[in-house]
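What follows is calculated from the coordinates using simple rules that are stated; it is not laboratory data. Predicted, not measured: the structure shown is a model, and the values here were computed from it. Cβ coordinates were reconstructed from backbone atoms using ideal geometry, including for glycine residues, and neighbour counts include every protein chain displayed.
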Amino acid sequence: MPFEDRPDLIQAEGTDGTEGYVSRELLDEVTGADVANPQEAIEYQEAQRRATTNEVTVPLLARDGVTVVGEFAIDMNPVVTER
């Protein structure tokens with residue numbers, strides 16, 4: 001799927017088990033998927049190093065994309081296993 005054709009809302013499960021949606025735009029911003037050039041990538045990496053927690057939460061939304069029904073947690077330091 002082309003990058004620009006991705007859905008605006010992505011189905012997700014909140015920290016308390018509530019079903020809802022997260023904003024693709026906000027998810028891209030939080031995870032660094034929206035960096036547009038090498039300088040932005042460096043700034044994003046530096047901000048990650050300064051972060052005081054490895055978990056970030058974003059609003060979990062109802063289908064209308066506006067009503068907040070909970071929160072969705074993102075682990076910013078996932079464990080990578082070697083094969």
If you scan region 20-75, which residues turn out to be of a type in the set (D, E, K, R), loosely packed, with under 12 Cβ neighbours inside 10 Å and outside any helix (DSSP H, G or I)? Glu55, Asp64, Asp75
Given the conditions (1) closer than 17 Å to Glu13 by Cα; (2) in contact (Cβ under 8 Å) with a residue 12 or more places away in the chain; (3) out of contact with any Phe, Trp or Tyr (no Cβ under 7 Å at 6 or more places or on another chain), report the number of the one that Val66 does not fulfil. (2)
